[in-house]
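Here's a structure for you.
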Amino acid sequence: SAPSPTENGGGGGRSGALVPAPEMERIDVNPPKGTRDFPPEEMRLRNWLFGHFREVSRLFGFEEVDFPVLESEALFIRKAGEEIRDQLYCFEDRGNRRVALRPELTPSLARLVIQKGKSAPLPLKWFAVGQCWRYERMTRGRRREHYQWNMDIIGVPEVTAEAELISSIVTFFKRIGITSSDVGFKVSSRKVLQEVLRCYSVPDELFGKVCIIIDKIEKLPTDVIKKDLKSAGIAEEAVQELLQLLTVKSLTKLEEKLGHAGEAVTDLKQLFWLAEKFGYSEWIQFDASVVRGLAYYTGIVFEGFDREGKLRAICGGGRYDRLLSTFGGDDIPACGFGFGDAVIVELLKEKGLLPDLGLEVHDIVCALDHDLLGPAATVATILREKGQSVDLVLESKSLKWVFKRAARINARRLILVGNTEWQKGMVGVKILSSGEQFEIKLNEL
Ligand SMILES: OCc1cccc(Br)n1
């Protein structure tokens, strides 16, 4: 006998109404705090965005890679006081292993490069689009996950690698209608800080920590930055020199302070020269205050910013020549960037550049009565084998219902399977934009 409406978990069978069992509480249908669902409209926008990420990566000859969202916690444990460490989404699994949801993709990429060794001849140009996680107290209402597009060049010590990466991001911006009037890149090098710290005999081990402290310069009061630098063991004189240097916004000024021979100035001059050759000079500017918040950067660093100053950094990256060796790999130079999927959408909204992405089905196929559902399935299959997207009406529905659905799914044609026509091996076709209507043989569909 048919299950009673409250049996089978409350979803009655054909004969029973869909009445939930009285004792069933409605579950929380929202996604976990800080996470997002992607219903069709949002998923179309995400696919559009990721489609541009992937097309630009293809244009630059990069190969796609991916890694587990779950990694060993050890991959992300660095002692430089990074925010990413404070917000690590980590736990102990059932095998008592310390694991974490990846907060970024670069360490996984470095792990895979080491794993591949000589079987992956250098240079490697790899890209990934992956979900990254952080556990932040929801008091700030910020998200706990986002998708990041990463492009990395492994095995190229030259600044040409950084110049190529910035070119790829400029290419992406141009594809989606963002111009250099909307967005720029602040570019600097951590070698600027390194040269100053070495002048004051600050040990290299403190370099990462100093960078992380200085990266907070726009978020924390200067006296807090000074206090933190001194607590890290940096002498008063060095602190003054560092903070003064961070205000430099021109390469000429930087050269006056550091001289022309140092690597910082040489690298930056080379990058700005290459930018002119790539054709994106108007997109970049030197700004000594750019440090970035990841401890492993060792050279050029850059971040994309909105010129109206309303949004957080759009993307960021730089050179990380020591990361692979800190994982026990060879001393292989590397650079890369991360580009999140959230700020860019805010920017597109600001600029009125969000694309209009409706569902587009080519044909809606409908049987004019119940015993023609089989022939309708045959017609749908013929059309699909021709590469047409088809919405097959799966039940007996009124024409009013069918026309309403056709409009909602932006169907171009309504294919009507009726007895009279079917007997002649034909179907009815209505072009929904013009209203034009005609009969057609199956093999002419
Ligand atoms: O931008 C840093 C970051 C990392 C993981 C997840 C989210 Br949301 N944000």
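List pairs: first in the range 286-300 and more than 19 Å from Thr266 (Cβ to Cβ), second in a loop (DSSP other than H, G, I, E, B) and of a type in the set (A, V, I, L, M, F, W, C), Cβ under 8 Å, 6+ apart or cross-chain?
Matching pairs, first to second residue: Ser289/Ile217; Ser289/Leu246; Val291/Ile217; Ala295/Ala80.
Counting only residues that are polar (S, T, N, Q) and part of a loop (DSSP other than H, G, I, E, B), which one in the range 65-120 is farthest from the ligand (Cβ to nearest atom)?
Applying the filter and picking the extreme gives Asn96.
Here's something else I'd like to know. Output yes when any residue across the range 259-280 is more than 33 Å from the chain's Cα centre (by Cα), among the basic types (Lys, Arg), farther than 20 Å from Gly316 by Cα and assigned to a helix (DSSP H, G or I), and no when none is.
Checking the range 259-280: not a single residue is more than 33 Å from the chain's Cα centre (by Cα), among the basic types (Lys, Arg), farther than 20 Å from Gly316 by Cα and assigned to a helix (DSSP H, G or I).
Residue by residue through the range 24-50, note down the ones that are over 22 Å from Tyr89 (Cβ atoms), under 18 Å from the mean Cα position of the chain (by Cα) and in a loop (DSSP other than H, G, I, E, B).
Correct list: Pro39 only.
Out of curiosity, is Asp391 at pLDDT below 95 and either crowded, with 19+ Cβ neighbours inside 10 Å or part of a helix (DSSP H, G or I) (or both)?
So Asp391 does not fit the description; no.
Right, here's the next one. Name the one entry in Glu158, Glu162 that is of a type in the set (Asp, Glu), in contact with a Cys (Cβ under 6 Å, 6 or more places away or on another chain) and over 28 Å from Thr35 (Cα atoms).
Glu162
OK, next. If Val379 satisfies all but one of (1) touching a residue at least 24 places away in the same chain (Cβ under 8 Å); (2) surrounded by fewer than 18 Cβ atoms within 10 Å (Cβ to Cβ); (3) among the β-branched types (Val, Ile, Thr), what's the number of the condition it fails?
(2)
Working only within the range 279-320, note down all residues that are of a type in the set (D, E, K, R) and surrounded by fewer than 17 Cβ atoms within 10 Å (Cβ to Cβ).
Answer for the range 279-320, where residues must be of a type in the set (D, E, K, R) and surrounded by fewer than 17 Cβ atoms within 10 Å (Cβ to Cβ): Glu282, Arg307, Glu308, Lys310, Arg312.
Out of (1) touching a strand residue (DSSP E or B) at 6+ places or on another chain (Cβ under 9 Å); (2) over 30 Å from Glu158 (Cα atoms); (3) outside any loop (DSSP other than H, G, I, E, B); (4) in contact (Cβ under 8 Å) with a residue 24 or more places away in the chain, what's the single condition that is false for Lys397?
Checking Lys397 against (1) touching a strand residue (DSSP E or B) at 6+ places or on another chain (Cβ under 9 Å); (2) over 30 Å from Glu158 (Cα atoms); (3) outside any loop (DSSP other than H, G, I, E, B); (4) in contact (Cβ under 8 Å) with a residue 24 or more places away in the chain, the one that fails is (3).
On to the next question. Looking at Arg413, Arg384, Arg405 in this structure, which one is within 28 Å of Pro39 (Cα to Cα), out of contact with any Ser or Thr (no Cβ under 8 Å at 6 or more places or on another chain), charged (D, E, K, R) and without any contact (Cβ under 8 Å) to a residue 12 or more places away in the chain?
Arg384
For the range 217-262, which residues satisfy the criterion of being farther than 14 Å from Cys199 by Cβ, in contact (Cβ under 8 Å) with a residue 12 or more places away in the chain and exposed (fewer than 12 other Cβ atoms within 10 Å of the Cβ)?
Glu218, Thr222, Thr247
Kindly indicate whether Glu64 is modelled with pLDDT under 95 and closer than 24 Å to Leu294 by Cβ.
Here the answer is no, as Glu64 does not meet what is asked.
Could you please find all residues in the range 160-188 being of a type in the set (S, T, N, Q), crowded, with 18+ Cβ neighbours inside 10 Å and under 15 Å from Asp306 (Cα atoms)?
Across the range 160-188, there are no qualifying residues.
Specify which of the listed residues (Met24, Met43) is within 25 Å of Arg142 (Cα to Cα) and either more than 15 Å from the ligand (Cβ to nearest atom) or surrounded by 12 or more Cβ atoms within 10 Å (Cβ to Cβ) (or both).
Result of the check over Met24, Met43: Met43.
Kindly indicate the residue of the range 282-313 that is assigned to a strand (DSSP E or B) and not acidic (Asp, Glu) and also nearest to the chain's Cα centre (by Cα) among those meeting that condition.
Checked the range 282-313; the qualifying residue nearest to the chain's Cα centre (by Cα) is Gly304.
Consider the range 314-363. How many of its residues are assigned to a helix (DSSP H, G or I), away from the ligand (no atom under 16 Å from the Cβ) and either among the β-branched types (Val, Ile, Thr) or touching a strand residue (DSSP E or B) at 6+ places or on another chain (Cβ under 6 Å) (or both)?
Count: 1.
Please specify each residue of the range 121-153 satisfying the condition of being outside any strand (DSSP E or B), touching a residue at least 12 places away in the same chain (Cβ under 8 Å) and more than 11 Å from the ligand (Cβ to nearest atom).
Leu122, Pro123, Met138
Same structure again: Please identify the pairs in which a residue from the range 57-77 that is free of Cβ contacts under 8 Å to residues at least 40 places away in the same chain and surrounded by fewer than 14 Cβ atoms within 10 Å (Cβ to Cβ) has its Cβ atom under 6 Å from the Cβ atom of a residue that is of a type in the set (Lys, Arg) and not in a strand (DSSP E or B), counting only partners at least 6 apart or on another chain.
Listed by first residue and then by second, the contacts come to nothing, as the list is empty.
The values are calculated or read from the model by the stated rules, or taken from the named source; none is laboratory data. Source: prediction; values computed, not measured. Heads up, the Cβs are rebuilt from the backbone with ideal geometry, glycines too, and the neighbour counts pull from every protein chain shown.
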